[in-house]
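Read-outs throughout are calculated quantities, based only on the coordinates presented, and are distinct from any laboratory measurement. Computed from a predicted model, the values in this text were never measured in an experiment. Cβ placement follows ideal geometry from the backbone for every residue including glycine, while neighbour counts extend to all protein chains displayed.
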Amino acid sequence: MSTQLSTTTAPYIPDTAPFSASQRAWLNGFLAGLYSTATAYGAPAATAQAEAKIPLTILYGSETGNTESLAKKTAKAAENKGFEVKLESLASYNKESITEESDLLLLTSTYGDGEPPDTAADFYEFIHSDSAPRLENLRYSVLALGDTSYAEFCKCGKDFDKRFEELGGQRVFDRVDCDVDFDEPFENWQSGVFEKLSANGSSNGAAVMEPEVEAEPTYTKKNPFPAKITRHFNLNGEGSSKETHHIEISLEGSGLSYEPGDALGVYPKNCPEYVVSLLEAVGLEGSVPVNGKSLKQALIEDYEITKLTPLFIKAYASLVDDAKLKEFAGNESAKLADYCWGREIIDLMTDYPYSFDSAETLVSIFKKLQPRLYSISSSPRAHDGEVHLTVGIVRYVSNGRSRKGVCSTFLSDRCCDESLPIFLHYNDKFRLPEDTSKPVIMVGPGTGIAPFRAFLEERQSTGSKGKNWLFFGDQHVASDFLYQEQLDKLQKDGFLHRLDTAFSRDQKEKVYVQDKMREAAAELFAWLEEGAYFFVCGDASRMAKDVDKALHDIIAEQGNMDEAAAAAYVKQLKADKRYGRDVY
Ligand code: NAP
């Protein structure tokens, strides 16, 4: 039997055809595959079907890396379903290409009080500008990450979702807003999106070979490693009003490895005394069973039972038949937020008592206990098999009750004789330059010094020749100069070329790190001109913004630029990955 191989020139979709570039690309690929090779029986080669993949663009705006990891999961799932995936951070995405997209998934977090994450800021500004292009060719869906403790919950994702629709885009699957416990809503969104895209014929449905799945580390966020704290001590001296612990944790047997700039996830447990007080307030016995354990153990291990938010007040008011509470809960969030300040859930339950009829009803109003992320303060090359943290221990008195940070006091008071559930949170956006000859400028007041101890240890361990400059600040030089001895030694050993400190309460006027930056403006700009990388870590609400302003001012003044030119200079630093921020 002869094999009739026929080849004909495949039809070609001209540029003038009413399709976007990516639609033309797909159609031409599909038609080329259909016509270029015939099988023995004349049917289009099976590979044509598999090769004619449908383009799907996945863009993400990520601050701490959670959104980036979800975007990568979505990309992998999409490839398994036969899509031709383009996965890109909004930071590097060519925004004008948006008009070429036909199927787009956008995942973004919301940062601070409703702002886009740094990596999404430029695209956000573009798409919300009057010159934003029409998007009639676009089918899209948005996944928004946020925290219901903040009034502007998921605002960035909501804004993108609304704006794409205003520009003519077609929403193929409703936006999903995720709180801090995002795994389940993310899975629901992802499966819903693929169902819609496949139904729309946006996927050829060709089940391709399952690609090699990268070997996931044994221990992950869903399966944390039971670690041991090997050492911890208070870094603050006599008379300090702060308590900052240096904590050393063994990674032996975990198979886990990390890089400076990464964070460590820690699953805390609640304070048993707080749980006892809560049980008294709600009139339930700690011994009653719930979800396979005693109620007391469940409250210690599984639920967020301290942080009071406007959302919680509303949920509690819907349960409690108390007219006063219902009236109070009807206030706008800002008023409820005022009540929340300096109070915890136990205060609400004491002010508006309610006897719960069952343990199940009680636990149903709490969110699941979430892990906390801490910037790692060690280099793995300086401390083999260990990971160090620098943790501000939160203790204060308010409304007549002493308060404790859940995770910080779990680390300092309650977990030395039991295992500490940990996982690694990789942060590729916050890394030392690969070229170790590049200068590095680090601004890290308070516990913001954490990743810069890691950076300096790394630069020393690798014999980096690049210059290092640290701006550090805290309240008093005598009691709050964190890692002073180690910093002195790094200076003597030639790995800390400049150290500027700002001890805010050692004089009448406050002195902050940005004041020290301005004093050294000429040299700081000279370092930038030499190609220096600039990093900030610490408080996001005020410090990070003030440091950013100071940086812009220094560049304008020293570079003899106007505001717009200085902003462009900073934008280029970010584009070149030379301006890293790890702030929250
Ligand atoms: P802190 O409260 O930030 O205080 C450190 C120093 O910063 C103090 O001298 C303080 O002065 C000063 N400061 C206050 N406002 C400032 C401003 N607008 N600009 C510059 N400096 C300012 O230190 P901390 O207790 O260690 O808290 C650190 C904060 O950073 C926490 O909110 C923590 O959650 C966060 N943090 C984030 C990361 C991360 O994102 N990876 C890592 C570590 C810490 P005064 O108090 O005298 O005003």
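Between 0 and 90 degrees, the angle of helix 66-80 with respect to the longest Cα principal axis of the chain falls at about 30 degrees.
Based on C-alpha pairs under 8 angstrom that are at least 6 apart in sequence, the chain has a relative contact order of 11 percent.
When the Cα centres of the range 284-333 and the range 109-123 are compared, how far apart do they sit, in Å? Comparing the Cα centres of the range 284-333 and the range 109-123, I get a distance of 31 Å. Principal-axis analysis of the Cα atoms of the chain puts helix 543-558 at an angle of about 70° to the longest axis.
Take the Cα of residue 530, go 7 Å toward its beta carbon, and the backbone nitrogen atoms of the range 412-446 under 16 Å from that spot belong to 433, 435-442. Exceeding 31 Å between C-alpha atoms, which entries from my cross-link table qualify? They are 228/577; 404/489; 72/577; 158/429; 508/574; 76/162. Violating the 31 Å limit, Cα to Cα: 228/577; 404/489; 508/574. Computed over the Cα atoms of the range 68-156, the ratio of the radius of gyration to the Kirkwood radius (Rg/Rh) comes to 0.97. Placing +1 on the Cβ of every Lys and Arg and -1 on the Cβ of every Asp and Glu, with nothing else charged, gives the chain a dipole about its Cα centre of roughly 260 debye. Inter-label distance, residue 166 to residue 196: 2.0 nm, where each label sits 7 Å from its Cα along the C-beta direction. Hey, with R₀ at 51 Å, roughly what FRET efficiency would residue 465 and residue 351 work out to, going by the Cβ-Cβ distance, to 0.05? E(calc), rounded to 0.05, equals 0.25. If the chain linking residue 552 and residue 519 were pulled fully straight, counting 0.36 nm for each residue of separation and taking away their Cα-Cα distance, it would gain 10.5 nm. Based on the Cβ-Cβ distance from residue 301 to residue 541, what FRET efficiency comes out when R0 is 41 Å, to the nearest 0.05? In this case the efficiency is close to 0.85.
Peptides 372-383, 81-92 ranked from most to least packed give 372-383, 81-92, packing being the mean of other C-beta atoms within 10 angstrom over each peptide's residues. DSSP bridge analysis restricted to the chain gives an antiparallel fraction near 45%, rounded to the nearest 5.
Per-peptide packing, taken as the mean over residues of other Cβ atoms within 10 Å, places 303-312, 357-366 in the sequence 303-312, 357-366 from highest down.
On a straight-distance basis, which aspartates and glutamates could pair with residue 293 in a cross-link, Cα separation under 19 angstrom, same-chain partners fewer than 8 positions away excluded? Cross-link targets: 273, 280, 285, 301, 302, 304, 357, 360, 418.
A Förster distance of 35 Å, applied to the separation of the beta-carbon atoms of residue 287 and residue 228, puts the FRET efficiency at 0.70. Here is the P(r) of the range 290-374: all C-alpha pair distances, binned every 5 Å from 0, give 3, 14, 24, 24, 18, 11, 6, 1, 0 in whole percents.
Of the GluC sites (Glu not before Pro) found in the range 498-584, those in coil by DSSP whose Cβ has at most 12 other Cβ atoms within 10 Å are 509, 530. The alpha carbon centroids of the range 514-584 and the range 347-423 are separated by 34 Å. Computed from Cα atoms, the angle from the helix 272-282 axis to the main principal axis of the chain rounds to 80 degrees. Subtracting the Cα-Cα distance of residue 136 and residue 365 from 0.36 nm times their residue separation leaves 78.2 nm of extension gain. Spin-label model, residue 397/residue 332: points 7 Å from Cα along the beta carbon direction are separated by 3.6 nm.
The equivalent ellipsoid that matches the C-alpha gyration tensor of the range 51-93 spans semi-axes of 21, 11, 4 angstrom, in descending order. May I ask which residue of 421, 410, 121 lies farthest towards the positive end of the charge dipole of the chain, with charges of +1 (Lys, Arg) and -1 (Asp, Glu) on Cβ and the Cα centre as origin? Of the candidates, 421 comes out farthest on the positive side.
For the range 287-429, the equivalent ellipsoid built from the Cα gyration tensor has semi-axes of 34, 19, 14 Å, listed from largest to smallest.
Residue-wise HN-Hα couplings along the range 99-109, as the Karplus relation 6.51 cos²θ - 1.76 cosθ + 1.60 with θ = phi - 60° gives them from phi, are 6, 8, 7, 10, 10, 10, 10, 10, 10, 8, 9 Hz; Gly and Pro carry x. Distance between the 7 Å Cα→Cβ label points at residue 257 and residue 499: 3.1 nm. The reciprocal of the average 1/r between distinct C-alpha atoms defines the Kirkwood hydrodynamic radius, which for the chain equals 27.0 Å. Database remark: amide H of residue 178 closer than 5 angstrom to the amide H of 144, 145, 146 (H placed geometrically; neighbours at sequence offset of 5 or more, or on other chains; Pro and chain starts carry no H). Peptides 399-405, 450-456 ranked from most to least packed give 450-456, 399-405, packing being the mean of other C-beta atoms within 10 angstrom over each peptide's residues.
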